[in-house]
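Accompanying notes for the structure given below.
The values are calculated or read from the model by the stated rules, or taken from the named source; none is laboratory data. Source: prediction; values computed, not measured. Here the Cβ positions follow ideal geometry from the backbone for every residue, glycine too, while neighbour counts run over all protein chains shown. Ligands, DNA and RNA are excluded from the accessible area calculation, which covers all protein heavy atoms including side chains. Shrake-Rupley method; radii C 1.70, N 1.55, O 1.52, S 1.80 Å.
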Amino acid sequence: MNIYEIAKKAGVSIATVSRVINNSPNVKQETRERVEAVLRQYRYTPNAIARSLVTRATHTIGVLTSDVRDSYYASAIYTIEQRFRELGYNVILCNTGLELKKKKEYLRIMLQKKVDGIILVGSVFKEKNDNSHIYEVATHVPVVMLNGDLQEDNIYSIVCDDGAAIFNIVELLYSKGHRDMVYMYDVESFSGMAKIEGFKRGLKKNNLKFDDGSIIKVPQGIQGGYEGVERLEREGKRYTAILTSEDIIAVGVLKKLREVGKRVPEDVAVFGFNNSQYSLCTVPELSTVDNKVTDMALGAVQMLYDVLQGKEVTHKVVVTPELVIRGSS
């Protein structure tokens, strides 16, 4: 049964039925009760799009991530979805991959779905050169970037100070006597570049040697860390500490170090990043960075919700990470 038939059964106008459905106060109690009785009798569920024509809101949020299999993204998305459901919103999730073409395509789909707002999970959504597609979307709906930052109207950011975290790791390792440090990373994203800059600042502050082998780009995953250590051994580079951009890379580092007979942390200290479950599954357990993914996800939700409620919202919030010291350092 549609809204027209409901109106006919209740003996009221379509507009009155819409007002009852959307809990408008401008309906007489007697009329409201009559309409609600018909709605219950026929188990009427209002179409979300039709409802949006009245409320101008679908109570639906679009969430984009590059790869939901990543533990960091998965944790953030779970928190976002759960919190928005508590607030009465539905969530549509899209996996875009890293290709710009697909990112743009999914953003168009979100607008076609009439979402009230969009959250971009992960720093990979900030492109190095052209972000006009995000600016365009922001002319239609508010956009919140989780660990990404763009300065434009209707775009809001919550970021972790990843560069400071890596800088602090260098400081800690230097205080423990390490002078030959290597940094391994996989993606040159907004966050990835901040970490690299933090590493460089740490080396410079402590007058430590920096050369072509000090920063190594490796494949993603365990294999990346494994191959990174293989390269260090093959090139004969001296190292007593390895810092990584992700816990999963550090897992590969630990695996290969064990194969080449180097003890952790006696011979080589190892640091991961993200404080994921991987960091608790290694021997020794992995020192890492707690980049507050749950706090950031909740912050992103609150930020977008407040914007939708018409509140004044700070355009950028910076979250302070914490070092988690375990057996690998």
Worksheet item: Between residue 36 and residue 223, 0.36 nm times their residue separation minus their Cα-Cα distance comes to what?
Response: 61.3 nm
Worksheet item: Out of (1) 1.27; (2) 1.36; (3) 1.13, which label holds the value of Cα Rg over 2.2 N^0.38 Å that was computed here?
Response: (1)
Response to the item:
Once both label points are put 7 Å beyond Cα along the C-beta direction, the residue 140-residue 5 separation in nm becomes 3.3
Worksheet item: How about residue 316: which aspartates and glutamates have a C-alpha closer than 17 Å to its C-alpha, ignoring those fewer than 8 places off in the same chain?
Response: 149, 152, 153, 161, 162, 295, 306
Response to the item:
Row for the stretch 1-132, column shape: gyration tensor on C-alpha, a ≥ b ≥ c, rounded if a/c < 1.5 i.e. under 1.5, prolate if a/b over b/c, else oblate; value prolate
Worksheet item: For the stretch 166-246, what is the charge dipole size about the Cα centre, in debye to the nearest 20, if Lys and Arg each add +1 at the Cβ and Asp and Glu each add -1 at the Cβ?
Response: 420
Response to the item:
Scan of the chain for trypsin sites (Lys or Arg not before Pro) in DSSP loops with at most 12 other beta-carbon atoms within 10 Å gives a longest site-free stretch of 70-127
Fill in: Amide H partners (placed H, <5 Å) of residue 183, local residues excluded
215, 216, 243
Fill in: the stretch 69-135 versus the stretch 140-175: alpha-carbon centroid distance in Å
17
Response to the item:
Carbon and sulfur atoms account, in whole percent of the 1.4 Å probe accessible area of the stretch 271-329, for 49
Worksheet item: With charges only on Cβ, +1 for K and R and -1 for D and E, what is the dipole size of the chain about its Cα centre, in debye, rounded to 20?
Response: 840
Discussion item. Which of the three applies to the stretch 127-260, rounded, prolate or oblate, going by the alpha-carbon gyration tensor with a ≥ b ≥ c and a/c under 1.5 meaning rounded?
Written reply: prolate
Worksheet entry | Residue-normalised accessible area of the stretch 220-329, given per residue in Å² at a 1.4 Å probe | 46
Item to complete: Could you calculate the FRET efficiency of residue 59 with residue 127 from 1/(1 + (r/R0)^6), where r is the beta carbon distance between them and R0 is 30 Å, rounded to 0.05?
Response: 0.50
Practice prompt. Sequence neighbours fewer than 8 away in the same chain don't count; with that in mind, list the lysines whose C-alpha is under 28 Å from residue 9.
Written response: 28
Worksheet, complete the sentence: Once the in-chain neighbours fewer than 8 apart are removed, the lysines whose Cα is under 16 Å from residue 204 read 195
Item to complete: Quote the accessible area belonging to residue 140 in square angstrom, nearest 10, computed with a 1.4 Å probe and with ligands, DNA and RNA left uncounted.
Response: 110
Discussion item. If R₀ is 41 angstrom, what is the calculated FRET efficiency for the pair residue 318 and residue 26, using the beta carbon separation as r and rounding to 0.05?
Written reply: 0.40
Item to complete: Compute the distance in nm between two label points, each set 7 Å from the Cα along the Cα-to-Cβ direction, one at residue 208 and one at residue 311.
Response: 4.1
Worksheet item: Taking the stretch 124-157, which GluC sites (Glu not before Pro) meet the DSSP loop condition and have no more than 16 other C-beta atoms within 10 Å?
Response: 127, 152
Worksheet item: Based solely on its DSSP helices, what 222 nm [θ] is calculated for the chain when runs of n ≥ 4 H residues each add -39,500 (n - 2.57) and the sum is averaged over all residues, nearest 500 deg cm²/dmol?
Response: -14000 deg cm²/dmol
Worksheet item: How much length, in nm to one decimal, is gained on full extension between residue 100 and residue 235, taken as 0.36 nm per residue of separation minus their Cα-Cα distance?
Response: 45.1 nm
Practice prompt. Assuming R0 = 25 Å, can you tell me the calculated FRET efficiency for the pair residue 151 and residue 87, based on Cβ-Cβ distance, to the nearest 0.05?
Written response: 0.40
